[in-house]
1. Would you work out the charge dipole size for chain A about its Cα centre, treating the Cβ of every Lys and Arg as +1 and the Cβ of every Asp and Glu as -1, and quote it to the nearest 20 debye?
2. Give a residue-ordered list of calculated ³J(HN,Hα) values for the range B:407-414 (Karplus: 6.51 cos²θ - 1.76 cosθ + 1.60, θ = phi - 60°; whole Hz; x for Gly, Pro).
3. Between B:Ile483 and residues 5 or more places away or on another chain, which pairs have amide H atoms under 5 Å apart, with H built 1.01 Å from N, and which residues are they?
4. Please sort by residue number the GluC sites (Glu not before Pro) in the range B:1-55 whose DSSP state is loop and whose Cβ has at most 14 other Cβ atoms within 10 Å.
5. Between A:Val250, A:Val266, A:Val114, which gets the highest mean-square fluctuation from a Gaussian network model of chain A, Cα cutoff 10 Å?
6. Compute, for the range B:7-241, the length of the dipole vector about the Cα centre, with Cβ point charges of +1 (Lys, Arg) and -1 (Asp, Glu) only. Units Debye, rounded to 20.
7. Taking only Cα atoms and a 10 Å spring cutoff, compute GNM fluctuations for chain A and point out the largest among A:Gly46, A:Gly283, A:Gly38.
8. How do B:Ile79, A:Ile224 rank when sorted from fewest to most other Cβ atoms within 10 Å of their own Cβ?
Amino acid sequence: MDRDKTIAEERKGQQSFLNYISVLLMPVIAVIFGLLIGAIFMKLIGKNPLQAYQVLWNSSFGSLRGFYETLVNTTPLIFTGLAVAFAFRCGLFNIGGDGQFLIAYTATAWVGYVISLPWFIHIPLALLAGIILGGVWGGFAGYLKATLGVHEVITTIMMNYISLYFTGYLIGGPLMKPGALPATPKILESARLWRVPHSRLNLGFMIALIAAALIYYLLWKTTIGYEVRAVGLNPDGAEYGGISVARNMVLAMFISGALAGLAGSVQVMGLEYRAYQPFGFIGYGFTGIAVALLGKNHPGGVVLSALLFGILSRGAMQMQSLAGVPKEVIEIIQAIIIFFVAAEYMFTLIARKIKRRRGGISLVNQ
Amino acid sequence: MAGKNELALDLRKITKEFPGVLANDSVDFQLKKGEIHALLGENGAGKTTLMKCLYGLYQPDAGEIYINGEKVDVTSPNIAIEHGIGMVHQHFMLVPPFTVAENIVLGSEPRRRGMLDEKRAIEDVERLSERYGLNVDPRARVQDISVGMQQRVEILKALYRGADILILDEPTAVLTPQEVEELIEIMKSLTEEGKSIIFITHKLKEVKAISDRVTVIRRGRVIDTVSTDSATTSDLARMMVGREVVLRVEKGPAHPGEVILEVENLKAKNDRGLLALNGTTFSVRRGEILGIAGVDGNGQSELTEVLTGLRELEEGRILFKGKDITNFSTRDIIETGVSYIPEDRQHRGLVLDFTLYENLIMGNHYQPPYARGIKMNYNKIRKEVRRLIKEFDIRTPNEDVLAKSLSGGNQQKVILAREFDRDPDLLIAAQPTRGVDVGAIEFIHKRIIEQRDAGKAVLLISLELDEILSLSDRIAVIYEGEIVDILDRKEATEEKLGLLMAGAGTRRAMGGGA
Ligand SMILES: Nc1ncnc2c1ncn2[C@@H]1O[C@H](COP(=O)(O)OP(=O)(O)OP(=O)(O)O)[C@@H](O)[C@H]1O
Ligand SMILES: [Mg+2]
């Protein structure tokens, strides 16, 4: 009896280790495939893929400065990736990250220049402005879904455009600093985030990591996360357990919007120091969908995949200038990675077929 | 054509292991041509697993499968289907918005110029349905037909693909007594046509009524295969559970106290917007079990949903311990001391993709000792949950597995454990023993009576007259959303209830009779 138990326990340990590996395996395979197919493309247009990938590597890991720049690129993607992942855990698809980003970006800039305060009040206040505006922007879509059943994909897209034109109007009009540039005045020193000397890397990156840790804690250690996940997996079951589906949808979209909003706040407070009138969507919200997908909607995975996308986007610029490879190649690689992750199901099927042929034991029992 | 003793199927030494469970341990199983072979075993014994190995849904770790004497490597359901095997699953796998005909031909559609030949599909289905007396309407949408009909669609689907061997996994668990009778007739006509049937059920009465032979499995091993005539129901129960089982419920007299639940003139609509509760009135006292008897679809589901805050009430009042709780939220109702075992465990009762420990705290997850503020205490949760798993004999390797990997009956025990442990003043139990084995039924019935004897009020809703009769102290009959009569257990007989359930007690019927 005792021996049986230890065997069972050992198996369980092995199993969870294998699960762990198999969860990580697919994204890694997707990235390898992406790079391979990218290489084929480069060969086809007569470029040297090895050289290009060396440039890609060096752009992030060749120098400290380059590494810092990569982290700068990574920062907003962590936020928007977390935003998509969190909403998804509640069964909702937030593609309004760009709108939430812009409205928070503008609000933070305004709070940053309009009042003078000591930094330990000014910084939290400016962040809070972004959290609240982004949260309300997302939460409203959640509210419409919960009360009227309007699909959040539609409302978040519409809210994106409202945000784009509304912030465009504000920054080009009431909030514009008189002068040539369609932008707000610069935010005060007291609202700026500390930077690593001689680089653009700033505390925003730390804030993003803290946000990821908090979201992890929220999802798996608190009643809020428990309820959000229950609603995401089975709303009827959750309802029966006394969990309000409507309330959790609003809450999840608020938190999701707040996360995307933080990307905007940090962009102003750590990098640009003012809000520029937008010409179109920057696409952080959209890339956030890919980041969340590759990161399996897990905060840890989101941080890693945001880093990958940060490396790729920095590498794209350098590959263009140093290896003569058009930066669109990087976009192709990104698209292929996303494609393969999305097609994971297909892979699982093929893997199962192969395993059957060989008659081995199955790794994943469904 | 084939002699009765030829083997349709021969499974040899089938072994299948899941992490932490040996679900099948070198199982031998033989099915003769034209026979109905019952497969009997406790919840989690490995019946469904064995059938899934046969149907190609699982790959056995060891063992051989012979179909009609030929060794077959069943690596996918398609191969099983090619060899004439059809399976009707414990949980149906139909596409609700599709029509009956579309569902039946799905996967092997008759085509004309690359398109689905709708007309031929309907004709084919009609012909098959007639031949076996199944009586389904090929044009109806699956979402609009009853569970019993859906099951016939599953059977037709298997027949359409040319099945000679049918696997029916707990087909009767979801059926009304009337539908069970009809299914038994259908099964008989199928064997007369030369089909062989593997029939999984927990109801010994059904085994006795229809099967030729029985194989009993316990914890993954075959205990014995016997001919049905040579074993009594208590023999079978003993073989299954490994000890004597009390098939009769033993209970002392009730000592009813004050009224706990009082409902007056309840009116509520069903999902289609029609009035499903039409002035329901009754009350339940401390220390008694009130059974609600009725044919399926007379407002039972709506009644439980209204009482638990899951459905809005149009009219009427609900008093709980004298307090008006009409249109309270589900959480508030749980907090005032109501527990609820829902009839649909996969849809309502569980979050299948949650772990066992997450499911076992649902509803109390935000309260001490499970949580303080918003922080959950997983050490405490695990400790409590392990106690529940032990106390309710939930067969699982550990508390970390997902609820969906448990066997059907064990899923039910998860819900029971959670709801009983809440120590409620009122227990609402809807189909509490659906799909659970005789040992577990004994256990559940005992626990329900214990609740009563501890001074709780119990509202039992069941489609099984046997269960109503053996547990209830008073029996209310529901018909078209109204309680047509409430009988004392002593005056209730099966015949009387049957008449009332058919609508003989309504004002309309009485007026018409006079
Ligand atoms: N996919 C799976 N992954 C892990 N364990 C599983 C899986 N399917 C079944 N099991 C385990 O295998 C055992 C046998 O399960 P099975 O579903 O065959 O039981 P059963 O005899 O059909 O029970 P019931 O009468 O309750 O339906 C159970 O302990 C169950 O938890
Ligand atoms: Mg089963």
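1. Value, rounded to 20: 820 debye.
2. 5, x, x, 6, 4, 4, 5, 4
3. Distant-sequence amide H within range of B:Ile483: B:Thr281.
4. Answer by residue number: B:Glu6.
5. A:Val114
6. For the range B:7-241, the charge dipole is close to 260 debye.
7. Of the options given, A:Gly46 has the highest mean-square fluctuation.
8. The fewest-first ordering by Cβ neighbours comes to B:Ile79, A:Ile224.
None of the figures in this text is laboratory data; all of them are computed from the coordinates on show. Worth saying up front: this structure is predicted, and the values here are computed from it rather than measured. Reconstructed Cβ throughout: ideal geometry from the backbone, glycine too, with neighbour counts over all protein chains shown.
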